[in-house]
Amino acid sequence: MSTGTGADSAPGHTSTTTRPAGRNSMFSSLRIRNYRLFATGQVVSNTGTWMQRIAQDWLVLSLTGSASAVGITIALQFLPMLMFGLYGGVLADRLPKRPLLLATQGAMGLTGIALAALTLAGHVQVWHVYLAAFLLGLVTVLDNPARQTFVPEMVGKDQLANAVSLNSANFQSARLVGPAIAGVLITAVGSGWAFLLNGLSFAAPIAALLMMRTRELHPVERQPRGKGQLREGLRYVAGRPELIWPIVLVGFIGTFGFNFPIWLSAFVNTVFHGDAGTYGLFNTLIAAGSLAGALLAARRGHSRLRVLVAAAALFSVLLIVTAFAPGLWLFAALLVPIGMFGLTVNVTANSSVQMATDPEMRGRVMALFMMVFTGGTPLGAPLVGWITDTYGARIGMAAGGAVSLVSALAIAVVLSRVGNLSVRLSRRGLTFVEARSLVKAA
């Protein structure tokens, strides 16, 4: 969110550091009733979402025995965001967020119930999973920008950075529980029950939205229907280095570095010869690290580009190191810091981009952010899946880390040239120091 008028977020008038006005604490945004309701509903549905993700990946692997098929499933889920993500942002700027979220959350629940019915009836085929993933992706085109831009309407600008971090903490805390429950359910009664519980879990966010006090929201003026709004959003981002370079960086990391369903299922199946419980454990460990990263970000309450670039570089190096871990328990232990630095990349980029954006443009900007972050998956997942199937899980994971590392270092050089960061070599190693003439990220 911009801290003032459009001029406040123009190059030369802003800075990479954003601090909320007033005293902040790790859970300060939870004092707001509407946001507290929202967070409660989300933690329930997020738990169901993680259950379905684990069950979906394991079901596809069981039906096909192929990491590439898992990659195709992931690609289909994120393909709509790549194709239509910007249009979703235009609609999010035009439409009231709360009614829109009621519709999208209900539709997402129905996809889970439909997949559960097919699986429990014993008729599920891999193309059914592909179709469900694609339909879920279509709904996400509207749900993601609406949910992202509804947060400042609930908490206001002073608590936005904290709320964004707590959203991620919410998602990752559910990730601690969801995979574990999914692993037990898959082993005991099959994937269908995980799909069913996910579908039913969306009743919680729907109830939370209905219980909100609309008079306590911070309404943003909706954009009227007009020509050229999509191009206007693209021009807005292109003219602001504090927006475009974080988006480019998370695009590379999201495309090549966040392919854990492919890598982890391949490691379980071909390297460590585990089962669904092992797969759930690996996801839980990543979630533990991610939760720690989200809570640390909430405590910071501000966003810096140097934190974003450094976290991206460390995340990438850890992927490469972990790929060649010789034993299961060392591999598992390294998943915790991978989760922490990966989440730091996501939260820091998300909050800095939101806070650098004027309210009337936020839907389009965040749609572009999510399109780049998740929309690259249809391109990266099949390629990473093919590399993993052809050359093995270790090479597949290391290759993703290598591409992510090159992108992080390249963005560091670009930012230093536009005046955002100075890259210095000191006794502590490679560090990123904010230049005094910095272009703003808040």
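The values are calculated or read from the model by the stated rules, or taken from the named source; none is laboratory data. Remember, predicted model here, so these are calculated numbers, not experimental data. Here the Cβ is made from the backbone with ideal geometry for all residues, glycine too, and neighbour counts use every protein chain on show. Each accessible area value is taken on the protein alone, full model and side chains, heavy atoms only, with ligands, DNA and RNA left out. Shrake-Rupley method; radii C 1.70, N 1.55, O 1.52, S 1.80 Å.
A few notes on this one:
- The range 52-196 - Rg over Rh from alpha carbon coordinates, Kirkwood radius: 1.01
- Solvent exposure, largest accessible area first (probe 1.4 Å, DNA, RNA and ligands not counted), of V345, V336: V336, V345
- Nearest-10 value in Å² for the accessible area of H123, using the 1.4 Å probe: 120
- Modelled FRET efficiency - R0 41 Å, L110 with A410, Cβ distances, 0.05 increments: 0.45
- Separation in nanometres of the label points that stand 7 Å from Cα toward Cβ, at L296 and T64: 3.6
- Gain upon complete extension [L230, V248; 0.36 nm per residue less C-alpha separation]: 4.6 nm
- Taking other residues whose beta carbon is less than 13 angstrom from the beta carbon of T47, and scoring Lys, Arg as +1 and Asp, Glu as -1, yields +2.
- Relative contact order of the range 232-375, defined on C-alpha pairs under 8 angstrom at six or more residues apart (%): 39
- Shape of the range 307-397, Cα gyration tensor, a/c cut at 1.5: oblate
- Within the accessible area of the range 122-195, the carbon and sulfur atoms contribute 69%, probe 1.4 Å, all protein chains present.
- For the range 57-154, the relative contact order is 46 percent, taking Cα pairs closer than 8 Å that sit 6 or more residues apart in sequence and dividing their mean separation by the residue count.
- Overall form of the range 20-111 per C-alpha gyration tensor (a/c, 1.5; a/b vs b/c): prolate
- Cα gyration tensor, the range 150-282 - rounded (a/c under 1.5), prolate or oblate: oblate
- Segment R417-Y391, length gained on full extension (0.36 nm per residue, minus Cα span): 5.6 nm
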